[in-house]
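Asks: Please read through the structure below; I'll follow up with questions.
The values are calculated or read from the model by the stated rules, or taken from the named source; none is laboratory data. The structure presented is a predicted model; accordingly, all values stated were derived computationally and were not measured. Glycine gets a Cβ as well: all are built from the backbone with ideal geometry, and neighbour counts include every protein chain shown. Surface areas here come from the heavy atoms of the whole protein model, side chains and all, with no ligands, DNA or RNA. Shrake-Rupley method; radii C 1.70, N 1.55, O 1.52, S 1.80 Å.
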Amino acid sequence: MSNVTDNIMQTETAQPREKILIVDDEHDILMLVNFHLTRAGFEVVTASNGREAVEIANRENPSLVILDRMMPEMDGVEVCRQLRAGNPAMFILMLTALDTEEQKILGLEAGADDYVTKPFSGRELVARVRSMMRRNKFETEVQVAATTSLPEELKPTDESGLVVDAERRQVWKRGEEVELTKLEFDLLKYLFNNPGLVFSRDQLLEQVWNYDYFGDGRVVDVHMARLRKKLEDDPANPRFIQTIRGVGYKYLV
């Protein structure tokens, strides 16, 4: 019996679970989300207000933060801004009871990758979390030190001055590195690898977010706007990321 137990413990040790921070001031929701994610196999830590969330995130370095929009001490939007400024690689999923488009977009503009509206189903929440965690598993392990000087072999050869290095997951604009979140980079990479092709919002949700049966097209729109602010000289008149009215988006070389 002891050998069987040892083997189980060794397997668990060899495969560490993804860590998720849940932040909500409503105890019942906190415990409900904790239950669903723990049952799904994730390691969970919790916080009940915004300031505590920032402290725990800095200490625990979770792969994903599930963040309530309305909280005491510091609201979810401000927490999102602080977390995103310190860790662009962290996934942030915002929970909101505010069903207006303006309030949803506010969280996305602060740096959230996506949102879920209360009330929500445990199945939907776990599915969205798993979609995000799959991105961690398949992401390249190459780590490159950030630098403001572009290596000679990567200097742009056209007038755009934009270089996308898929292997290192880095982007430079005229020799300066552009800091993107994981989803921003994956969205840019997908368009960049398919120049001139037009993709609908639903297609991008399926290919980039891995959502095949739910998702809000506004999430795509806000991420496109964030990319344009970082990549375009004039975001209102984009050179690279073009909107095809009534259809979707495409990347121009």
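Asks: Report yes if residue 112 is in contact with a helix residue (DSSP H, G or I) (Cβ under 8 Å, 6 or more places away or on another chain), of a type in the set (A, V, I, L, M) and farther than 21 Å from residue 209 by Cα, otherwise no.
Replies: The answer is no for residue 112.
Asks: When you scan the stretch 95-112, do you find a residue that is modelled with pLDDT under 85, surrounded by fewer than 19 Cβ atoms within 10 Å (Cβ to Cβ) and of a type in the set (Gly, Ala, Ser), even just one?
Replies: For the stretch 95-112, residues modelled with pLDDT under 85, surrounded by fewer than 19 Cβ atoms within 10 Å (Cβ to Cβ) and of a type in the set (Gly, Ala, Ser): present.
Asks: Residues that are buried (at least 22 other Cβ atoms within 10 Å of the Cβ), modelled with pLDDT of 95 or more and closer than 21 Å to residue 182 by Cβ: does the stretch 68-78 have at least one?
Replies: No - not one qualifying residue is present in the stretch 68-78.
Asks: Looking at the stretch 78-94, I want the residues that are without any contact (Cβ under 8 Å) to a residue 60 or more places away in the chain and have a partner that is among the acidic types (Asp, Glu) and open to solvent by less than 10 Å² (accessible area, probe 1.4 Å) with Cβ atoms under 7 Å, at least 6 apart or on another chain. Which pairs are those?
Replies: Close Cβ pairs (under 7 Å, with a partner that is among the acidic types (Asp, Glu) and open to solvent by less than 10 Å² (accessible area, probe 1.4 Å)) amount to 92/113; 93/113; 93/114.
Asks: Considering only residues that are open to solvent by less than 40 Å² (accessible area, probe 1.4 Å) and at positive phi, which ones fall in the stretch 36-67?
Replies: The answer is 41, and nothing else.
Asks: Another question, then. Would you mind telling me which numbered condition in (1) open to solvent by 70 Å² or more (accessible area, probe 1.4 Å); (2) in a helix (DSSP H, G or I); (3) of a type outside the set (A, V, I, L, M, F, W, C); (4) more than 22 Å from residue 104 (Cα to Cα) residue 167 fails?
Replies: Among (1) open to solvent by 70 Å² or more (accessible area, probe 1.4 Å); (2) in a helix (DSSP H, G or I); (3) of a type outside the set (A, V, I, L, M, F, W, C); (4) more than 22 Å from residue 104 (Cα to Cα), the lone unmet condition for residue 167 is (2).
Asks: Related question: Just checking, how many residues over the stretch 170-180 are part of a loop (DSSP other than H, G, I, E, B) and surrounded by 21 or more Cβ atoms within 10 Å (Cβ to Cβ)?
Replies: Residues meeting the conditions: 1.
Asks: Right, next: Would you confirm whether any residue within the stretch 204-227 is touching a Pro at 6+ places or on another chain (Cβ under 8 Å), open to solvent by 30 Å² or more (accessible area, probe 1.4 Å) and either closer than 22 Å to residue 103 by Cα or modelled with pLDDT under 90 (or both)?
Replies: Looking through the stretch 204-227, at least one residue is touching a Pro at 6+ places or on another chain (Cβ under 8 Å), open to solvent by 30 Å² or more (accessible area, probe 1.4 Å) and either closer than 22 Å to residue 103 by Cα or modelled with pLDDT under 90 (or both).
Asks: Hey, can you tell me all the residues within the stretch 228-253 that are touching a strand residue (DSSP E or B) at 6+ places or on another chain (Cβ under 6 Å), closer than 22 Å to residue 104 by Cα and outside any strand (DSSP E or B)?
Replies: 228, 230
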